[in-house]
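Here the structure is laid out as C-alpha cells; the discussion comes afterwards.
The values are calculated or read from the model by the stated rules, or taken from the named source; none is laboratory data. No experiment lies behind these values; they were computed from the predicted model shown. Positions of Cβ are backbone-derived with ideal geometry, glycine not excepted, and every protein chain shown enters the neighbour counts. The accessibility values were calculated without ligands, DNA or RNA, using every heavy atom of the protein model including side chains. Shrake-Rupley method; radii C 1.70, N 1.55, O 1.52, S 1.80 Å.
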Amino acid sequence: MSFSNVLQILVGGLTMGSVYALVALGFHIIYNGTRAINFAQGEQVVLGGVIALSCMSTLKLPLPLAFFLTLIIGGVIGYFYERLAIRPNLETSELSIIISSIAVAIILQNSIAVIWEKDPMYFPPFTKGGSLEFMGAYMLRQSLWIMGITAASVVALDRFFHQTLLGKAILASANNSEAARLVGISPFRMVSCSFILSGCLGAIAGSIVAPLTFAGGPLGTMIAIKGFAGGILGGLSSSRGVVLGALLLGILEFFIATFISEGYRDAIAIFILLIALMLKPEGLFAQE
Amino acid sequence: MMLKTENLNTFYGKVHVLRDVCIEVEEHEIVCILGPNGAGKSTLLRTLAGLMHPKGGRINFKQMNITELSAEKIVIYGMSLVPEGGSVFTNLPVIDNLILGIYSQQKKLSKEEKTIRLNNVFDLFPILKERETQKAGTLSGGEQRMLAIGRSLMSKPEMLLLDEPSLGLAPLVVKDIFQALQDINKEGTTILLVEQNAKATLEVADRGYLMLLGKVMLSDTSDNLLKREDITTLYLGKKRQFSNK
Ligand SMILES: Nc1ncnc2c1ncn2[C@@H]1O[C@H](COP(=O)(O)OP(=O)(O)OP(=O)(O)O)[C@@H](O)[C@H]1O
Ligand SMILES: [Mg+2]
C-alpha cells in the first residue's frame with residue numbers, strides 16, 4: 001500500500017468517522033446522564049439535515065445562518081423531547097427511557113417523511129468546487145468542513161464540561177445525583193441540558209453530512225448504528241473514548257469498503273459492535 | 001431556635017422508620033444523635049435535608065416551615081448535609097467538588113468571596129490544597145470525608161448536618177475531623193451530628209439524643225450522658241473501645 005493510499009484511507013475514513021463521532025458523543029451524553037441509550041439519536045441527525053435544507057431553500061437563509069438556526073432548533077427539539085417523553089420515565093427505569101426513545105424515533109421518522117419527503121433530497125456542499133488533491137490523495141471540500149466543524153464541536157464540548165459550572169454540574173449530577181441535590185443541583189434540569197446538547201449535536205451532524213448523504217430518507221438507523229458501534233468500540237462512558245472509537249470505525253469502514261468490497265461497508269459496523277460487546281464491552285479507550 | 005422538628009414520621013414505602021421524632025437545636029450548638037445501626041439516624045438527617053419527605057410532622061428551620069421543601073432548595077436556606085460516607089463527586093477533581101459546593105449561590109457571590117471561602121476550606125484541611133487537581137475518587141476515605149465537609153462549608157451554611165463523619169476512619173483522622181468540627185462551630189456554624197462513636201462524640205457535643213428503633217429515647221447534656229455508663233455500653237456497645245482515643 002502506497003503512502004497516497006494510506007492518506008486516502010485516513011481522509012475518507014475520518015470524514016465519515018467525524019460524523020459518527022458527533023453521533024457517538026450524543027449517545028455518550030445521554031448515557032452519562034440517564035444510563036439509557038437514546039434510540040432517536042439517528043433521527044435527530046436526519047432532522048438536522050432536512051431542517052437545514054428548509055432554512056436555506058424555503059427561508060432563503062445563507063448557509064451560516066441556516067446552520068446556526070438548525071443548531072438552535074435541534075436544541076429546542078431536544079428540550080421538548082426530554083420534557084414530554086423522557087421526564088415522565090426518569091424515576092422508573094432505564095428500559096422505559098429506552099422504549100420512549102424508540103417511540104420518539106418512530107414519530108420523528110414518520111414526521112420527516114410526511115413534512116418533507118420520503119426520499120433523500122439534494123443538499124448543496126458548503127463550498128463549490130472539485131476535489132482537492134494532496135500528495136496523491138483526493139479529498140472533497142465538504143470533508144474539510146466535516147472534519148473542521150467536528151473538531152470545533154469536540155473542543156467546545158470539552159470546554160463546556162470541564163470549564164463551566166453548568167458543565168461540571170451535569171457531570172456531578174451524573175456521578176452522584178443525591179450529592180448533587182445536596183449542593184443545589186436539580187438532576188432533572190441536568191438531564192434536560194443533556195438532551196438539549198445531544199439535540200444540538202444531532203443537528204450539527206445532520207447539516208454537515210447532508211451534502212454527502214443527501215438530506216432526509218432512511219439514513220437515520222444506519223447512522224445511529226454506526227455512531228453507537230463507534231461509541232461502544234471506544235467506550236460509551238468516556239467522551240474521549242467515543243470520539244476515538246468513532247474515528248477508528250470510520251477508518252476501518254473506509255478501508256474495507258475500498259480494498260475488500262463496497263458491499264461490506266455497512267456490515268462492518270455491526271460486526272465491530274458485536275465483537276466489541278463480546279470482547280471489550282467497556283471499550284478500548286475508556287479510562288475516565 | 002435554629003431547628004425544631006415536631007412529631008416527624010417518615011416511611012420507606014410501607015416501612016415506618018421515624019416515629020414521632022421531636023428534636024431541637026439552638027443556635028451555635030453542637031448536638032449529636034446517637035443510636036445503634038438501624039435506629040433511623042440517617043433517615044432523620046435525610047428527612048431534614050429534604051432528600052426524603054415525612055408523611056406527618058413538621059420541620060422548622062429558622063422559624064420557617066421547610067417540611068415540604070426539596071433538597072435543592074433547603075441548601076439555599078442555609079442547611080447543608082454531609083451524607084453518610086461523604087458522597088463526593090468521584091469523577092471530578094477536588095477543586096471542582098469544592099466549587100460545586102457554591103452552586104446554589106453562584107450568581108450572588110463575588111470572585112473574592114469565592115476565593116476567601118476556598119482558602120478557608122484549605123486552611124481547615126490543608127491536604128485538600130495538595131490534592132486540588134486530583135480526581136476525588138482517588139482520595140483516601142478520610143480525605144474524601146474532609147472534602148465532603150469542605151464542599152458543604154463552601155455554601156457557608158448556618159447549620160451543618162453530618163452523618164457519621166468518623167465511620168471507618170483511623171482514630172487519628174477521626175481526631176482531626178472532630179477538631180475541625182469544633183473549629184467550624186466556633187466560627188458560628190450550628191452542628192447536628194449523627195454518630196455511633198459515642199464517647200468521642202459526646203466529648204465535643206453540647207447535648208445528645210439517643211435514638212432507638214426510630215424513636216428518640218432520651219435527651220440530655222453531653223456531660224450527663226457521659227456519666228451514664230449504662231447507656232453508652234448498653235446501646236452503643238463495644239465499638240467505642242476500638243475507635244476512640
Ligand atoms: N431504602 C430503604 N428502604 C427500606 N428500608 C430502609 C431503607 N433505608 C433504610 N431503611 C430502614 O430504615 C431503618 C433506619 O435506617 P437508617 O439508615 O436511618 O439507620 P441508621 O440509624 O442510620 O443506621 P446506621 O447506623 O447503620 O447507619 C432501618 O431499619 C433500615 O432497614
Ligand atoms: Mg446511617
Quiz item: Looking only at residues in segment B:75-95 that are more than 9 Å from chain A (Cβ to nearest Cβ) and among the β-branched types (Val, Ile, Thr), which one is surrounded by the fewest Cβ atoms within 10 Å (Cβ to Cβ)?
Solution: B:ILE95
Self-check item: Residues satisfying the stated conditions in segment A:151-173, i.e. hydrophobic (A, V, I, L, M, F, W, C), farther than 25 Å from A:THR70 by Cα and more than 8 Å from chain B (Cβ to nearest Cβ)
Solution: none
Practice problem: Could you please give the count of residues in segment A:133-182 that are open to solvent by 20 Å² or more (accessible area, probe 1.4 Å) and part of a strand (DSSP E or B)? | Solution: 4
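Tell me the residue from B:GLU72, B:GLU68 that is more than 14 Å from chain A (Cβ to nearest Cβ) and either out of contact with any Lys or Arg (no Cβ under 6 Å at 6 or more places or on another chain) or not in a loop (DSSP other than H, G, I, E, B) (or both), please. Working first, answer last.
On the way: B:GLU72 fails: more than 14 Å from chain A (Cβ to nearest Cβ).
After ruling out the rest, the residue left standing is B:GLU68.
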Self-check item: Residue satisfying condition, being over 30 Å from A:LEU61 (Cβ atoms) and either surrounded by 24 or more Cβ atoms within 10 Å (Cβ to Cβ) or modelled with pLDDT of 95 or more (or both), within set A:GLY220, A:GLY234
Solution: A:GLY234
Quiz item: Among A:VAL183, A:VAL243, which is the only one that is within 30 Å of A:ARG83 (Cα to Cα), under 16 Å from the mean Cα position of the chain (by Cα) and of a type in the set (A, V, I, L, M, F, W, C)?
Solution: A:VAL243
Quiz item: B:GLU6 versus (1) within 16 Å of ligand 1 (Cβ to nearest atom); (2) open to solvent by less than 70 Å² (accessible area, probe 1.4 Å); (3) assigned to a strand (DSSP E or B): which is the lone unmet condition?
Solution: (1)
Self-check item: Failed condition for B:ASN120, given (1) open to solvent by less than 40 Å² (accessible area, probe 1.4 Å); (2) more than 16 Å from ligand 1 (Cβ to nearest atom)
Solution: (1)
Quiz item: How many residues does segment B:43-72 hold that are farther than 16 Å from B:MET1 by Cα and within 16 Å of ligand 2 (Cβ to nearest atom)?
Solution: 8
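When only residues in segment B:24-49 that are near ligand 1 (Cβ under 9 Å from one of its atoms) and not in a loop (DSSP other than H, G, I, E, B) count, which is most open to solvent (accessible area, probe 1.4 Å)?
Initial filter on segment B:24-49 (near ligand 1 (Cβ under 9 Å from one of its atoms)): B:33, B:35-46.
Filter once more, so that each one left must be not in a loop (DSSP other than H, G, I, E, B): B:33, B:41-46.
Working: B:ILE33: 1, B:LYS41: 10, B:SER42: 26, B:THR43: 10, B:LEU44: 0, B:LEU45: 1, B:ARG46: 55 Å².
Here the answer is B:ARG46.
A quick yes/no check of all residues on (1) open to solvent by 40 Å² or more (accessible area, probe 1.4 Å); (2) not in a helix (DSSP H, G or I):
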position	(1), (2)
A:TYR31	yes, no
A:ILE37	no, yes
A:VAL46	no, no
A:SER54	no, no
A:ALA66	no, no
A:LEU69	yes, no
A:ILE86	no, no
A:THR92	yes, yes
A:ALA103	yes, no
Practice problem: For segment B:185-215, enumerate the residues that are at pLDDT 90 or above and either of a type in the set (Ser, Thr, Tyr) or within 11 Å of ligand 1 (Cβ to nearest atom) (or both). | Solution: B:THR189, B:THR190, B:VAL194, B:GLU195, B:THR201, B:TYR209, B:MET211, B:LEU212, B:LEU213, B:GLY214
Quiz item: Name the pairs: first residue in segment B:122-137 and within 12 Å of B:ASN91 (Cα to Cα), second residue at pLDDT 95 or above and open to solvent by 50 Å² or more (accessible area, probe 1.4 Å), Cβ to Cβ under 6 Å, at least 6 apart or on different chains?
Solution: B:ALA136/B:THR90; B:GLY137/B:THR90
Self-check item: Of all residues making up segment B:123-139, the number that are among the hydroxyl-bearing types (Ser, Thr, Tyr) and either open to solvent by less than 80 Å² (accessible area, probe 1.4 Å) or touching a His at 6+ places or on another chain (Cβ under 7 Å) (or both)
Solution: 0
Practice problem: Tell me, yes or no, whether segment B:96-104 has at least one residue that is of a type in the set (D, E, K, R), away from ligand 2 (no atom under 16 Å from the Cβ) and at pLDDT 95 or above. | Solution: yes
Exercise. Looking at (1) more than 16 Å from ligand 1 (Cβ to nearest atom); (2) surrounded by fewer than 15 Cβ atoms within 10 Å (Cβ to Cβ), find the lone condition where B:LYS55 falls short.
Key: (1)
Quiz item: What are the residue pairs meeting all of these: first residue in segment A:269-288, first residue more than 16 Å from A:ALA246 (Cβ to Cβ) and within 14 Å of chain B (Cβ to nearest Cβ), second residue at pLDDT 90 or above and assigned to a helix (DSSP H, G or I), Cβ atoms under 9 Å, and 6 or more apart or on different chains?
Solution: A:GLN287/A:ARG240; A:GLN287/A:GLY241; A:GLU288/A:SER239; A:GLU288/A:ARG240; A:GLU288/A:GLY241
Exercise. Scan segment B:13-42 residue by residue and report those that are more than 14 Å from chain A (Cβ to nearest Cβ) and within 13 Å of ligand 2 (Cβ to nearest atom).
Key: B:VAL17, B:LEU18, B:ILE33, B:LEU34, B:GLY35, B:PRO36, B:ASN37, B:GLY38, B:ALA39, B:GLY40, B:LYS41
Practice problem: Select from segment A:127-150 the residues that are under 22 Å from the mean Cα position of the chain (by Cα) and of a type in the set (S, T, N, Q) and write down the one among them that is farthest from the other protein chains (Cβ to nearest Cβ). | Solution: A:GLN142
Quiz item: Applying the selection to segment A:193-212, what residues are within 18 Å of A:ILE146 (Cα to Cα) and surrounded by fewer than 24 Cβ atoms within 10 Å (Cβ to Cβ)?
Solution: A:PRO211, A:LEU212
Quiz prompt | Tabulated pairs, segment B:10-22, first over 12 Å from B:LYS41 (Cα atoms) and touching a residue at least 40 places away in the same chain (Cβ under 8 Å), second part of a strand (DSSP E or B) and of a type in the set (Asp, Glu), C-beta under 7 angstrom, 6+ apart or interchain | solution = B:CYS22/B:GLU6
